[in-house]
1. How many angstrom lie between the Cα centre of the range 23-48 and the Cα centre of the range 202-218?
2. How high is the relative contact order of the chain, in percent, with contacts defined as C-alpha pairs under 8 Å that are six or more residues apart?
3. Report the net charge of residues surrounding Val62, where surrounding means a beta-carbon distance below 11 angstrom and charges are Lys +1, Arg +1, Asp -1, Glu -1.
4. For the chain, what % of the accessible area comes from carbon and sulfur atoms, probe 1.4 Å?
5. Could you work out the helix-only [θ] at 222 nm for the chain, with each DSSP H run of four or more residues adding -39,500 (n - 2.57) and the total divided by the number of residues, to the nearest 500 deg cm²/dmol?
6. Please work out the average accessible area per residue across the range 69-112, using the 1.4 Å probe convention, and give it in Å².
7. What is the local net charge at Pro21, summed over the other residues whose Cβ is closer than 14 Å to its Cβ (Lys, Arg +1; Asp, Glu -1)?
8. Students often forget the sequence filter, so: which lysines lie under 26 Å Cα-Cα from Lys8 once same-chain residues fewer than 8 apart are removed?
Amino acid sequence: MSEIKLEKSWLEQLRPEFDKPYMQSLKSFLTAEKKAGKVIYPKGDEIFNAFNSTAFDKVRLVILGQDPYHGPGQAHGLSFSVRPGVPIPPSLRNIYQELHQEFGFQPPRHGYLAEWAAQGVLLLNSVLTVERARAASHQGRGWEEFTDAAIAALNEKRENIVFLLWGSYAQKKGRFIDRRKHLVLQSPHPSPLSAHRGFLGNGHFKKANDFFVKTNQPPIDWQLERPDEPSSV
């Protein structure tokens, strides 16, 4: 991971983490896995893409995922997002469906969420790497501690951030967020296994934008592609 550069404002917050034993152990683990011929997603220069796409002082909303997609060509460092040309995953289709219900959102032809990141949406997975075709294979290796430190920094040093915690895993990870300083919205996960148990109809995107207006922040423009415009990605 030494070749990966972290965005300056995030590095200021997280620099001490890189010297801790868990991070050294994680680095050794990833190096050994690559030497053993394992295919790791996302590629090295995209592991910290969520941080590099949304600076610390620009974060206004956090969507917390679990670990990266483990299929070829899917993961690129932003939770729930895939690059243009990659089929839209089922959970993201349900996110689009909820946005359509709330705003009349027109689902784009792609699953690329970089425009959200540019508006201050931190698309953060709890675990930042995974082995090909082995879901959750890098859980418990240290990434959780690193991303806990990121969430803790946002919680302590920022105000009026919206945290969308979908599913029990994300809710446990966000247990220490100060509800007096931030808006925390919880529901089941958008996975097809649970979306109909309370994700669909949760109103989270509208509630988030209402909160931004209330706190004198611009709302998020969730629309990724205008139906009367050619795709920009």
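1. About 38 Å separates the Cα centre of the range 23-48 from the one of the range 202-218.
2. Working: 386 pairs, mean separation 53.4, N = 233.
Relative CO of the chain lands at 23 percent.
3. On the way: positive: Arg60, Arg158, Lys173; negative: none.
Spelling it out: positives minus negatives among the neighbours equals +3.
4. 50
5. Values: 8 runs with 78 residues, N = 233.
Value at 222 nm, helices only: -9500 deg cm²/dmol.
6. On the way: 1890 Å² over 44 residues.
Solvent-accessible surface per residue comes out at 43 Å².
7. Working: positive: Lys20, Lys27, Arg141; negative: Glu17, Asp19, Glu145.
My count for the surroundings of Pro21 gives 0.
8. Lys20, Lys27, Lys43, Lys58, Lys157, Lys173, Lys181
The values are calculated or read from the model by the stated rules, or taken from the named source; none is laboratory data. All values derive from a computational prediction rather than experimental measurement. No Cβ is skipped: glycine too gets one built from the backbone with ideal geometry, and neighbour counts run over all protein chains shown. For accessibility, only protein heavy atoms count, side chains too; no ligands or nucleic acids. Shrake-Rupley method; radii C 1.70, N 1.55, O 1.52, S 1.80 Å.
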